[in-house]
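Participant: Could you have a look at this structure, given as structure tokens, before my questions?
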Amino acid sequence: MMAPQNRKRMAMKPRTVVDGGEVASVVKTRKRIRSDYHQVEDDIEFLVSPKKQKMDNCGDCEIILKPLQERARVEAQAPTVKALQQTQNKAKAPVKVSEDNREVNRRSPNGFLLPDPLPRGEILTDTIKQKWVLGKPIGVGGFGELYLASYQSQDGKTSPEKFVIKVEPHSNGPLFVEVHFYLRATKTEEMEKFKEKNGLKHLGIPKLVANGSHVKNDQVYRFLVMERFGTDLQRIIDNSEGNRFTTKTACYTTLQVLDSLEYIHSQGYVHKDIKGSNLLVGLGLDGQHLVHLVDYGLCSKYRIGDFHKQYRHDVRWAHEGTMEYTSRDAHIGCASRRGDIEVLLYNLIEWFGGSLPWDRELSSPNLTKTAKFLAFRQMNKFLKICFRGEKYPSFLTKFMKYVSTLKFEDEPDYNFLRKIVKEEMVKSRCVLDNKLEFKLAKLSDSKSTNKENIEPSVLFGPSKKPPVDRVSAVFDSACVSEASYEAARDRVQEERARKSLDNPTQAMLDIMEKINAKKRERVESGNSQPKPMKRKRTKSFVMEDPTENTPAMLQVIRMKKVKDAEDSADECEVESAVKKPKINFSVLIPNDIVNPSTDKKKKSPGVRKTELQKLLGVEPKEQRRRTRSDALVDNRKVRSNLRSAINFGLGMFRSVSQSLPKFLKYE
């Protein structure tokens with residue numbers, strides 16, 4: 001992938017070698033992906049074997065290779081000195097914790113909180129109480145930081161730094177996901193069985209060494225201990241000739257990645273973030289030919305049990321992964337095995353010297369998603385754009401066509417993919433010795449060899465604008481519908497339930513016995529049909545009068561009524577005391593005289609007060625049917641009372657907010 005236009009490159013230290021008074025530096029112009037782990041050390045020298053160095057006769061390369069040859073010769077002639085140094089290191093006392101002046105409260109480019117730097121010599125204790133001593137930091141990534149580490153035994157002795165510890169804040173999630181992946185999917189028995197079944201000597205899946213939590217300065221960290229590997233393929237390709245791999249290296253790397261993906265998929269997981277910076281080679285001249293797929297922080301399960309998850313657009317998980325290589329399924333929020341194969345295809349294009357027509361800083365996620373869907377509609381045009389009209393390997397077309405034919409739930413044919421990769425190696429007359437070869441860039445290479453980055457608009461046609469309609473319409477039609485998925489899921493669950501009855505547990509037998517007992521009771525009573533299940537509905541609170549008001553609003557209305565009643569009662573007492581004083585009769589007046597009964601034949605007095613009632617202050621009961629208009633009037637009163645209460649509250653708030661600035665000003 002070529003360097004984009006008008007973009008700041010990562011500052012990388014050039015290697016300077018002095019030979020005969022001449023100073024030369026290796027210019028590194030290839031762009032780096034900011035969310036990757038950037039290693040501090042330049043360990044590409046471990047990838048150059050002495051035999052290869054002698055065969056290279058160019059004068060520029062000798063400037064780099066001569067010091068490496070001398071170093072290899074000295075180490076080969078003096079193994080006893082090296083062994084003595086290791087013995088002395090073991091005998092030394094534990095490393096003291098050193099001060100660290102690095103920046104704290106750091107954040108990665110993608111916004112995640114990075115852990116505060118831990119000092120060298122810090123001791124971390126894992127879940128089984130083993131102690132690990134931190135070494136120097138070797139990289140910072142999008143979620144955490146990497147340190148070299150050594151194991152501390154019970155007697156206080158430390159081992160060589162053959163381990164790497166990844167540290168992340170406890171609030172970050174990727175390391176939690178990665179730890180659980182290692183615990184569930186990297187069991188030694190399963191991996192050995194897979195290697196034996198496929199006849200493999202190497203399977204590039206790391207193993208979990210240890211994990212745990214660590215507290216420092218009231219901050220909780222989660223850490224993971226892994227074995228130490230060499231450099232990543234992204235750094236190698238950055239320093240390779242033409243910013244590309246040879247056909248042999250690209251094909252052998254692809255074969256090893258396919259083996260790793262096949263094992264991961266067999267365990268029910270998908271990786272979703274395959275890229276050069278997550279592919280590490282082993283240490284030393286022998287380990288440089290072994291590729292390991294690491295960083296499972298974004299992996300996810302694509303199935304539940306033996307049943308594949310449903311295809312659906314989920315914006316919560318959309319665009320997950322590294323944008324340049326994210327698959328179409330991941331762009332819409334799905335996880336599938338075909339998505340991993342598609343991500344590998346994008347990497348293959350770059351490994352063979354192509355350039356993807358999208359970049360995370362030049363295009364948005366939706367624009368990148370649209371460009372990828374259009375690329376699979378016009379594959380030949382897409383590959384020509386990637387390689388700028390130059391010749392490209394023909395097997396990439398077969399690879400891309402096969403990915404386009406895969407359905408969401410299909411298992412990829414890994415043997416077919418291996419076959420077309422091996423055919424390309426035979427066609428290119430590569431030596432089939434299961435070894436990678438690397439050609440470092442010459443010192444004469446300069447920045448002028450880089451070309452401008454391609455924009456995604458070249459895939460959109462004459463309009464140069466992304467299509468408005470849904471680009472995944474054809475993609476969606478090739479997947480299982482929701483109704484079909486639910487029907488298939490129900491069939492699988494019924495079949496699983498039926499099989500479980502062949503070997504029931506004691507709890508299942510007890511439940512079956514209760515069901516059979518109820519059936520026998522119904523048969524004996526003459527009612528063979530089961531009674532319909534009736535669910536008793538309950539309410540969270542009981543309302544006397546059904547209304548649309550909330551309980552808080554009803555409480556306000558109730559308080560308003562009580563206040564109005566008290567005010568009206570006070571007014572009535574004042575009026576009765578001033579205008580209509582009560583008369584206390586010394587003689588008891590019968591009730592039939594005060595409240596005379598009305599004769600049906602005579603005209604009813606209705607609700608009129610008699611003189612005695614007025615004197616005694618007795619209010620007659622109104623015997624009138626409540627009408628709909630009365631209910632409307634009551635509701636209108638309730639609304640007016642509620643409105644007045646709200647206006648009163650808003651008025652108080654407004655007056656306080658207006659007087660607050662003046663109060664602060666005087667203060």
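The values are calculated or read from the model by the stated rules, or taken from the named source; none is laboratory data. In this text, all values refer to a predicted model and were calculated from it rather than measured experimentally. Quick reminder, even Gly has a Cβ in these numbers, built from the backbone with ideal geometry, and neighbours come from all protein chains shown.
Participant: Against the definition (among the β-branched types (Val, Ile, Thr), closer than 24 Å to Phe352 by Cβ and modelled with pLDDT of 90 or more), how does Thr246 come out, yes or no?
Facilitator: Working: among the β-branched types (Val, Ile, Thr): yes; closer than 24 Å to Phe352 by Cβ: yes; modelled with pLDDT of 90 or more: yes.
Judged against the criteria, Thr246 is a match.
Participant: A further question follows. Residues in the range 328-353 that are more than 21 Å from the chain's Cα centre (by Cα) and either part of a loop (DSSP other than H, G, I, E, B) or under 16 Å from Leu298 (Cβ atoms) (or both): how many? Full working, then the answer.
Facilitator: First, the residues of the range 328-353 that are more than 21 Å from the chain's Cα centre (by Cα): 345-353.
Now drop any that are not either part of a loop (DSSP other than H, G, I, E, B) or under 16 Å from Leu298 (Cβ atoms) (or both), which leaves 346-347, 352-353.
Of the residues in the range 328-353, 4 are more than 21 Å from the chain's Cα centre (by Cα) and either part of a loop (DSSP other than H, G, I, E, B) or under 16 Å from Leu298 (Cβ atoms) (or both).
Participant: Say whether the condition of being at positive phi, touching a Phe, Trp or Tyr at 6+ places or on another chain (Cβ under 8 Å) and in the same structural domain as Ser327 (by TED's automatic domain parsing) is met by at least one residue in the range 374-391. Can you show your working first?
Facilitator: Residues of the range 374-391 that are at positive phi, as a first pass: 388-389.
The next check asks that each one be touching a Phe, Trp or Tyr at 6+ places or on another chain (Cβ under 8 Å); those that pass are none.
No, there is no match, as no residue in the range 374-391 is at positive phi, touching a Phe, Trp or Tyr at 6+ places or on another chain (Cβ under 8 Å) and in the same structural domain as Ser327 (by TED's automatic domain parsing).
Participant: When you look at Ala210, is it buried (at least 19 other Cβ atoms within 10 Å of the Cβ) and under 21 Å from Leu290 (Cα atoms), yes or no? Before the answer, list the steps.
Facilitator: Working: buried (at least 19 other Cβ atoms within 10 Å of the Cβ): yes; under 21 Å from Leu290 (Cα atoms): no.
No, not satisfied.
Participant: Just the residues that are within 30 Å of Ser336 (Cβ to Cβ) and among the charged types (D, E, K, R), please, taken from the range 477-521. Walk me through how you get there before you give the answer.
Facilitator: Here is the first cut: in the range 477-521, the ones within 30 Å of Ser336 (Cβ to Cβ) are 477-500.
Passing the criteria: Glu482, Glu486, Arg489, Asp490, Arg491, Glu494, Glu495, Arg496, Arg498, Lys499.
This table checks each residue for (1) assigned to a loop (DSSP other than H, G, I, E, B); (2) under 23 Å from Thr231 (Cα atoms); (3) at pLDDT below 90.
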residue	(1), (2), (3)
Asn105	yes, no, yes
Arg120	yes, yes, yes
Trp132	no, yes, no
Pro137	no, yes, yes
Gly156	yes, no, yes
Glu161	yes, yes, yes
Val164	no, yes, no
Glu178	no, yes, no
Leu203	yes, yes, no
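Participant: Another question, then. Could you please find all residues in the range 163-203 being within 21 Å of Pro117 (Cα to Cα) and surrounded by fewer than 17 Cβ atoms within 10 Å (Cβ to Cβ)?
Facilitator: His170, Ser171, Gly173, Phe176, listed by residue number.
Participant: Only one of these is in contact with a helix residue (DSSP H, G or I) (Cβ under 7 Å, 6 or more places away or on another chain) and either assigned to a loop (DSSP other than H, G, I, E, B) or under 26 Å from Leu255 (Cβ atoms) (or both): Leu374, Leu356, Leu367. Name it. Spell out the reasoning first.
Facilitator: Working: Leu374 fails: either assigned to a loop (DSSP other than H, G, I, E, B) or under 26 Å from Leu255 (Cβ atoms) (or both); Leu367 fails: either assigned to a loop (DSSP other than H, G, I, E, B) or under 26 Å from Leu255 (Cβ atoms) (or both).
That would be Leu356, the only listed residue that is in contact with a helix residue (DSSP H, G or I) (Cβ under 7 Å, 6 or more places away or on another chain) and either assigned to a loop (DSSP other than H, G, I, E, B) or under 26 Å from Leu255 (Cβ atoms) (or both).
Participant: Give His289, His319 a once-over and let me know the one that is in the same structural domain as Ala250 (by TED's automatic domain parsing), in contact with a Leu (Cβ under 9 Å, 6 or more places away or on another chain) and surrounded by fewer than 21 Cβ atoms within 10 Å (Cβ to Cβ).
Facilitator: Working: His319 fails: in contact with a Leu (Cβ under 9 Å, 6 or more places away or on another chain).
Answer to the selection: His289.
Participant: From Tyr346, Tyr325, grab the single residue that is without any contact (Cβ under 8 Å) to a residue 40 or more places away in the chain, buried (at least 22 other Cβ atoms within 10 Å of the Cβ), under 29 Å from Asn434 (Cα atoms) and assigned by TED's automatic domain parsing to the domain that holds Cys251. Spell out how you get there, then give the answer.
Facilitator: Values: Tyr325 fails: without any contact (Cβ under 8 Å) to a residue 40 or more places away in the chain.
Exactly one residue qualifies, and that residue is Tyr346.
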